[in-house]
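A short worksheet on the structure shown next.
None of the figures in this text is laboratory data; all of them are computed from the coordinates on show. As the structure is a prediction and not an experimental result, all values here were calculated from the model. Reconstructed Cβ throughout: ideal geometry from the backbone, glycine too, with neighbour counts over all protein chains shown.
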Amino acid sequence: MSSRRDFFKFAGISGSAVAASAVSRVAMAALPEPVIQTRPDTMAPLVPSTGKPYNPVVTLNGWTLPWRMNQGVKEFHLVAEPVVREMAPGFKAHLWGYNGQSPGPTIEVVEGDHVRIFVTNKLPEHTSVHWHGQRLPNGMDGVSGLTQPAIQPGKTFVYEFVARRPGTFMYHPHADEMTQMAMGMMGFWVTHPKAKHPLIDEVQRDFCFLTNAYDIDPGSYTPKTMTMLDFNLWSWNSRIFPGIDSLNVRLNDKVRIRMGNLTMTNHPIHLHGHEFLITGTDGGPTPKTTRWPEVTTDIAVGQMRQVEFLADEEGDWAFHCHKSHHTMNAMGHNVPTLIGVDHRGVAKKINNLIPDYMAMGERGMADMTEMEMPIPDNTAPMMTGEGPFGSVEMGGMFSVLKVRRDQKPGDYRDPGWFKHPEGTVAHAYTGLLAEPARSESKGGQSMPRAVTPMQTIEVQVRKPTSRSGH
Ligand SMILES: [Cu+2]
C-alpha cells in the first residue's frame, strides 16, 4: 500500500523526468507536480487533507490523483504518456495512459468544487481530454476540432470548470479515439455530494473500475488498435484475472460499486450471493422509485452504472462479466468445437511432426488448465486462477467479493480464502444411484409420441466456398 507521502516521493522522481522532456522547465514550474504511480496494486483510499471532507473511493488496481489547493481551486495535473502496465503477474502490456498507469488515476472532487486540470501531452501524437458526463462550459468539453484545438505533443492545456453535479463519471481522449482508447487512455471521475443527499447513501466501501479491452497477440506487448470487436483480453482497469484484486468487505458493510464501460461491446456484470440496486448512472443518482433488485446489470458502451447492496452473506462470491468469452484470456477463436470428437490418433500423428502440439477440447476446454501447454513469453494463460478447491478456470473480467465477519474495522487487506463452516460445501455423493426417471407421460399437456418412428435425418452443413466447389 502506498501512502500520500509515497505519492509525493514518486512525484519528485517523475517531476525531473517530465522536465527533461519536451515541456520546458519554466512552464512546468507553475504547474502542480505531476504525481506518477508505478505499481498496479489497489491503493488505499486517498483521504482528503484539504478541501471539503468526503468518503473516498477504492479504485480497483488503481489509485486517486492527489491535488493541490490554489486559492480555493483544486488543481490536478494529468500527464498523457506511454506506460507499461502489468495486466497480470508475468504479463506486461505497452499501453498509453496517464501518470504512469492505464487507466489513469481516479479524480475525486466534491460537488461545487472549482476544478483546474492541467493536461501535459507526452504522447507521440496530439490528444485531448473529454470529461464524460460533466456539466461544463462547452469549450471545456474536450472534443478536439469541435470545442478546442488538439493538444500537440509536448504541450500542456488547462481545463477549468465547476463540478456541478455529484455522481460517477469518467474521462478519455476525444482525439484519435479509436487508437487512444484501444491503447488504454481513460480514467475514472467521482464527484462526491457536498452534503447529505437524499439519493446518495453513505456506504462503508465504495469501489470503482472501468471495463476495457485489448487485442494483444500472445508473446507481444502492444495492442492492435485496428481491432473492432474481436479483442482477446477483457479487463477491469487494464487488469485480467487472476491479476484483478478481490473486493474485500466486512459482513454487513453497505457496499457501492461504480463501473464504466469504454470497450466496444456491452458487459452484463454479475454478482453472486447478493442482490443489488442500480443507484446511479452517468446521468446521476437514480430516483428511488426506479430501483429494483438485480444480480446482473448490463453496461452498454459508454455507460456507467453504480450498484449498491448490503454485504450480508459471508463467503467468497464470484463477481464477473457474464459473457463467458470475457472471462477468458488470450485465445484464438477460429477453432472448431471438438467436444465429442475422438482425435487421439490424429494428435499422435501430428506429435510426430510437432512435438509441442496439443489436441484440445474433446471433453471441453477445462483440460487446458490442467495440461502444461507451452506458451510464448509474456502471455497470459487462457484460463487460470488457483482457488482453494483447484483451478477457477477463469480469466479476464472476473474477481471475488470477499465478505468476512472477522475483517477488522478499517483493515481491508485480502483475508485469504473463505473457511466454509462444516457441512456447507457441495461434495461428492457416495450413496446408491437410482436410474433417472425419464418422463414419458401420454396424458396432460405432453405431446403424443409419433406412431411411426420418425425418419432419421442427418444434417450436413457445408461452408460456402468457391463456386466450383458446388
Ligand atoms: Cu463482458
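Length gained on full extension, Asp230 to Asp406, computed as 0.36 nm times the residue gap minus the Cα-Cα distance: 59.1 nm.
Proximity of backbone amide H atoms, modeled 1.01 Å from N, is registered between Thr106 and Trp63, Thr64, Leu65, Phe188 at under 5 Å, excluding neighbours fewer than 5 places apart on the same chain.
Modelled spin-label separation between Leu199 and Thr424, with each label point placed 7 Å from Cα along the Cα-to-Cβ direction: 3.7 nm. Pairs with C-alpha atoms separated by more than 28 Å, drawn from the list Lys196/Lys323; Lys323/Lys408; Lys122/Lys402; Lys194/Lys254; Lys74/Lys288, are Lys196/Lys323; Lys323/Lys408; Lys122/Lys402; Lys74/Lys288. Remark: spin-label model distance Leu432-Thr147 equals 7.5 nm, labels positioned 7 Å along the Cα→Cβ axis. Per-residue extension of 0.36 nm, minus the Cα-Cα distance of Glu386 and Trp292, leaves a gain of 30.4 nm for this segment.
Counted by neighbouring Cβ atoms within 10 Å, the residues Arg258, Arg438 run from fewest to most as Arg438, Arg258. FRET efficiency for the Asn138 to Thr379 pair, using the beta carbon distance and R₀ = 30 Å, is estimated at 0.10.
Ranked by the mean number of other Cβ atoms within 10 Å of their residues, highest first, the peptides 152-162, 70-80, 201-211, 104-114 come out as 104-114, 201-211, 70-80, 152-162.
What separates the Cα centres of region 382-410 and region 180-208 is a distance of 24 Å. In this structure, Glu313 and Met69 have a Cβ-Cβ separation that, at R0 = 35 Å, corresponds to a calculated FRET efficiency of about 0.25.
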